[in-house]
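Take a look at the structure set out below.
Each reported figure results from applying straightforward, stated rules to the coordinates on display, with no laboratory input. A quick note: this is a predicted structure, and the numbers were derived from the prediction, not measured. When we count neighbours, we look across all protein chains shown, and the Cβ atoms used for this are built from the backbone with ideal geometry, even at glycine.
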Amino acid sequence: MKKWFVLILVFLLMSCAHEQKEQQQSLQQENITNVSHDGSAKRSDQQHAEKAVEMLKAREDVKDAVAVQANGRLLVAYQVKHLHRFRMKQIEKEVGKALNEQFREKVIASHDLKIFWKTKALKEKIETKNISEKEIEKEITVIQKLSEEQT
């Protein structure tokens, strides 16, 4: 009797161990282990966006960055690492100054999480769909108004 009980118990434990792995999500709706992706949109006209993302990811206080470029405007959203949030105002000034010095275009930079999500969604639309320049410009305008509204 004990042998059968142990055998059934081992069988149950082994069958439970093969469940599909659930994807871990942070509060920012990002996969915690997947922070090495490139945050710039993949189009030929997005060189400045790619350069801005590389520049921000090189900083030790920035966790992730996303950028989109259209019609002389560069929309950059970034996330600051948790322990560096005490210096948020200083980081915001440094990032804004560095981006404005580096690029001639009008730079819209934000550390707000909602702006980060919207910019990332726009970047994914650009990558996956054949979205027109006019639609990109319209969405950047909406995100810009949202970022100005929250400051």
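Taking only the C-alpha atoms, wrap a convex hull around the stretch 43-150 and report its volume per residue in Å³ as a whole number.
Spread over its residues, the Cα hull of the stretch 43-150 gives 91 Å³ apiece.
Please work out the C-alpha center-to-center distance from the stretch 43-100 to the stretch 116-151 and express it in whole Å.
Answer, in whole Å: 15.
What is the gain in length, in nm to one decimal, between E137 and C16 on full extension, counting 0.36 nm per residue of separation less the C-alpha to C-alpha distance?
38.6 nm
In the stretch 61-151, with Lys and Arg counted as +1 and Asp and Glu as -1 at Cβ, which of these residues, A109, H82, A65, has the Cα nearest the positive end of the dipole, that is, farthest along it?
Looking along the dipole axis, the top candidate is H82.
Hey, fewest Cβ within 10 Å first, where do R87, R59 land in order? The partial results should precede the final answer.
On the way: R87 13, R59 17.
Fewest to most other Cβ atoms nearby, the residues stand as R87, R59.
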